Each structure stands twice: as structure tokens, then as C-alpha cells.
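Visitor: Next up is a structure, given as C-alpha cells.
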Amino acid sequence: MKTYRSLLLLVVCCMGVFAMAQKPEQPLPTKAQLAWHDLEFYWFIHFGPNTFTGKEWGHGDEPSEIFNPTELDTRQWARIAKASGAKGIILTAKHHDGFCLWPSEYSTHTVRESKWKNGRGDVVGDLAKACKEFGLKFGVYLSPWDRNHPKYGTAAYNDVYVNTMKELIRKYGPFFEFWWDGANGEGPNGKKQEYDFPRFEQTIRQLAPNTVVFSDIGPDVRWVGNEKGIAGETNWNYLDTAGFKRGVGSPPTDTLNQGNVNGANWIPAECDVSIRPGWFYHATEDDKVKSPEELFDLYLKSVGRGANFLLNVPPDQRGLIHEYDSASLVGFRKLLDENFKNDLVRGARAELHTTGSIFKRTKFSDGDPASFERINDFQNSRLWIKFNETKKVNCIVMQEAIQHGQHIISGEIELLNGSQPVKTIPFTTIGRKRIISFPAVEANAFNIIIKEAKSEPMISEVSAFLIDEKLVEKK
Ligand code: FUL
């Protein structure tokens, strides 16, 4: 018996040493997360009673009849979203006031009780259809905080929330993303709710395994830590969530902004921001719509830092996207198209140079993230890209093959003219995409040098542009 126990102890010890010797597994994105990364830019739509009361957080005691858009047209929303380059729309199916934009079985504060279409309308259903028609993905924001529901603040409300999720998914799914707001205030009975998030998560996983779930700490997509649309210049797709909660108790905002270099989970950041100061439409903010240039700058600070860009565009009391917002969005799309049209790396020579004169021709700028270059011996290598003539350049875009993880910690771009360095730009993470812009220089080549990496760097795309000087990222 004694010998047997010692043997067992020995085996257990050996297993421990073996496990320590092995490199810890790095988390990888799921298929649904990879598809999400590819969306890059999509809309948020905040719409509901607040649009009519002028509030940002309705109390849930507003009469349902107040919701009465005169010309609501979800096809107009989808058409403008498409024209702006967005890949999808996430709608506030229910905000904190509890008002449901569809005739939910689980609430008495819904479009059914409103004046709109004599109670026979369904905004969620209409938008689901419009998104399909325009080739957009569709997602929903379903506020767990409900200032109207009589059961809020009791255990029974968790059943209500689960049933409401199921109802939405079954009637209007599939959704590309499900949005959980961290806000947790008092309901009509003056009590706060203990949200049963594990159960909420299980419900989505069972009914909609391809939907990514957003909240402060995921499980699939994390909040970026601010509502300005700005990700950290260093931005890891990894996050440690152990010991943290949603809302109060979430990780510090700079952690959400930058992620954790050795975080245990793949939970990339999403940058939510409104095109206007408020999330809901207020006529008083008509002159405060962000300009195409401001939107472009936010694109650089979100997508250009490896995160996704969730831009809120709130319809007005007519139920339409206001002319000012639509003009700005179309202008933004034009800036993207014009400035990223002419990739200087296309047709250039691209080689991987490793000390000891190993040269390898490589292919970048083929738009195919599945093809990538492994830079095994990165301490002794550089990626060398040579234009066929001297060009003016002020923007370089790099992408990592994130299907294999995020590995690059830091590096630099060295621009050359006639083999003389003319500018060196240090950078930290790359991730899904990194757009680096700088005052223009004349260059006939540039090197990408990786300084530090967690494991083998894998670069899938490199491109270079001359963008309008006034669009160069403002720090
Ligand atoms: C916040 C909410 O309280 C705001 O009203 C808005 O919906 C924003 C996107 O999330 O937590």
C-alpha cells in the first residue's frame, strides 16, 4: 500500500513538472469571434421613448403612447448604414426604461401599447428584415436594467430576462452580437437586481452559439473602457476576467482599454461612441454631429488599433436618420474609399531578410488574411518592402494572422530613401489591424522590424498609403 502511494505521488509530481515545462496554451479566437473581427465597423441605434422625451435614461414611468414616430423607415436606416460602409446594426431592443421595440410577451411597456401604427408595429422585426435586404448583420442590445418591469429587483426577473432573450432570438435571430449593458440601478420597487449572468450566458450559448456576447468583460467581446470610441495604442485581445464583474467591479478602465498581455481569455475590445453627444436623438444636438474627418480619426483610433468601431446613429422623432448625420456618414465613407484606394505596396517587392542572407520573397497586400508570413527568427529578421520608385508615404497598415493568436509586443517601422533611414516609427501591438499615420516622407522602401514577441510573429497583410495630410491621426 505504502509503495503504491509513493508511486502515485511520484507520478503526480512528474505530471506537475511536465506541465510547468510546457508552454502555457495561448487562447485563440473562436470562429464567431474571427468573423466578428472582420466586421470592423458597424452601427449602434439608440431609439425609444427617450427619443420623444429628450431624456438619456428614461424612468420607465413614461406613458407607452409617447412612442409615436411619424415616418419610421428602417429601410432608410439600413440603406444609410450600408452607404456608410457599416457591416451591421445593433439596435436597443430595450433600453433602461424597459420599453420593448417589439410586442414582447413579457412586458406591458412596448410598441403594442404605443400609438405608433395603432399598436401593430414592430421595430425589431422591421429592422431585422431591412438588414437582411441590405446585406447587413443584425444584433440587439437588451438592457438587463429595467426601470419599468414590476418584477425587477426580485429573483423572478431573471426568468423574465431569460424568456425575453429567448423570445428575441427565436423571433428575430440569428444575431451577430448580443449586447449586455453593465448598468444596474434601481427598478420600480427601489431595489437593484442580482443578474444571473451565468444563466443568461448559457441561454445564448444554447440557442445562438454563433452569436458573440458583449459586456464589460465579455465573454466574447469587451468594452473598451470609454465611450469616446478610442482603443489603447497598445491593445491586446487577451483579458483576465477572474475576480471581476460587469458594471461596478469591472476591471480598471485602462485594463479594458489595453487588455492584458498574458490574459487568460481572447476577449477583444469594441469601441462604442455616438455620432452626437447623446446616445439618443435630441434636436438640440443637430449642430453637434461629428464630421467625416472626426469619424475618420475615430476609425484610426479603433479599427486602426485592432478593435472594432461601434458607431451610434440615433434616429429622430420622425423615425429617420437625420440629414446631417447621413451627410456626415456618407462623407466618412468617401474618405475611407479615397484614402485607402491606392495601396503603394501592391506591385512593390516584399522580402523577408534574415541575417545570414536568407532572402525570401513574400506576398502581402493580397487581401487574404489566411496567407501570412511567419517570422521565425525575428530578432535577426526584417520585412523589407521596396517600391519601384520614390514615393510620398504617410500611412502604414499591418495585420497579424490572429487566427493563430496575437504575438507581437513591439517593433518599429523604418522608412528608407536610397537605403538611408529617413524616419523610424516605434509601435507596440498590431493585432487584427494596426494603422500608423505620420507626417509624410519621401521613401523608396521600408522595413518592419519586430523587437519583442510572445511567440512566433505572423504577419498577414502590409499596405502603405498617402492619405490626406489633414487626416493623419491626431494624438
Ligand atoms: C451605457 C448606457 O447607460 C447608455 O445609455 C448607453 O446605452 C451606452 C451604450 O451604454 O451603459
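Visitor: Could you check how much of the accessible area of segment 354-395 is carbon and sulfur, as a whole percent, using a 1.4 Å probe?
Guide: Values: 1180 of 2570 Å².
Ligands and nucleic acids excluded, carbon and sulfur give 46 percent.
Visitor: Of all trypsin sites (Lys or Arg not before Pro) in segment 251-331, which ones are in loop regions per DSSP and have a Cβ with at most 14 other Cβ atoms within 10 Å? Walk me through the numbers on the way to the answer.
Guide: Working: sites: Lys288, Lys290, Lys301, Arg305, Arg318; in loops: Lys290, Arg318.
When the trypsin sites (Lys or Arg not before Pro) of segment 251-331 are filtered for loop state and at most 14 Cβ neighbours within 10 Å, nothing remains.
Visitor: Using the structure shown, list the pairs from Lys82/Lys171; Lys31/Lys245; Lys341/Lys475; Lys31/Lys470; Lys290/Lys386; Lys171/Lys245 with a Cα-Cα distance above 28 Å, or answer none. Write down the numbers at each step before the final one.
Guide: Working: Lys82/Lys171 24 Å; Lys31/Lys245 25 Å; Lys341/Lys475 24 Å; Lys31/Lys470 37 Å; Lys290/Lys386 38 Å; Lys171/Lys245 30 Å.
Going by Cα-Cα distance, Lys31/Lys470; Lys290/Lys386; Lys171/Lys245 fall outside the 28 Å limit.
Visitor: Rounded to the nearest 5, what % of the DSSP beta bridges within segment 85-189 are antiparallel ones? Write down the numbers at each step before the final one.
Guide: Details: 1 of 10 bridges.
DSSP beta bridges in segment 85-189 are roughly 10 percent antiparallel.
Visitor: Related question: Please work out the Cα convex hull volume for segment 257-379 and give it in Å³ per residue. Mind showing how you got there, number by number?
Guide: Values: hull volume 20.2 nm³, N = 123.
Residue-normalised Cα hull volume stands at 164 Å³.
Visitor: Restricting to Cα pairs below 8 Å that are 6+ residues apart, what does the relative contact order work out to for the chain? Please round to a whole percent. List each step's numbers first, then the result.
Guide: On the way: 1083 pairs, mean separation 67.0, N = 475.
Answer for the chain is 14 percent.
Visitor: A further question follows. Of all DSSP beta bridges located in the chain, what percent are antiparallel, nearest 5? The partial results should precede the final answer.
Guide: Working: 50 of 78 bridges.
In the chain, DSSP labels about 65 percent of beta bridges as antiparallel.
Visitor: I'd like the orientation of helix 197-207 relative to the chain: the angle between its Cα long axis and the longest Cα principal axis, in ° from 0 to 90, rounded to 10.
Guide: Here the helix axis deviates by roughly 80 degrees.
Visitor: Each label point is 7 Å from the Cα along the Cα-to-Cβ direction; what then is the distance between the points at Ala283 and Gln420, in nm?
Guide: Between Ala283 and Gln420, the simple spin-label model gives 6.3 nm.
Visitor: Now for a separate question. In deg cm²/dmol, rounded to 500, what helix-only [θ] at 222 nm does the chain give when every DSSP H run of at least 4 residues adds -39500 (n - 2.57) and the total is split over its residues? Intermediate values should be presented prior to the final figure.
Guide: Values: 10 runs with 116 residues, N = 475.
Calculated from helices alone, the mean residue ellipticity at 222 nm is -7500 deg cm²/dmol.
Visitor: Could you tell me which GluC sites (Glu not before Pro) in segment 179-229 are loop residues by DSSP with no more than 15 other beta carbons within 10 angstrom of their beta carbon? Working shown, then result.
Guide: On the way: sites: Glu186, Glu194, Glu201, Glu227; in loops: Glu194, Glu227.
Answer in residue order: Glu194, Glu227.
Visitor: Based on the alpha-carbon gyration tensor of the chain, what equivalent-ellipsoid semi-axes (square roots of 5 times the eigenvalues) come out, in whole Å, largest first? Display every interim value, and only then the final one.
Guide: On the way: eigenvalues 360, 206, 55 Å².
Semi-axes from the Cα gyration tensor: 42, 32, 17 Å.
The values are calculated or read from the model by the stated rules, or taken from the named source; none is laboratory data. For clarity, every value in this text was computed on a predicted model and none was experimentally measured. Cβ: placed from backbone, ideal geometry, glycine included. Neighbour counts: every protein chain shown. These accessible areas exclude ligands, DNA and RNA; they are computed on the full protein's heavy atoms, side chains included. Shrake-Rupley method; radii C 1.70, N 1.55, O 1.52, S 1.80 Å.
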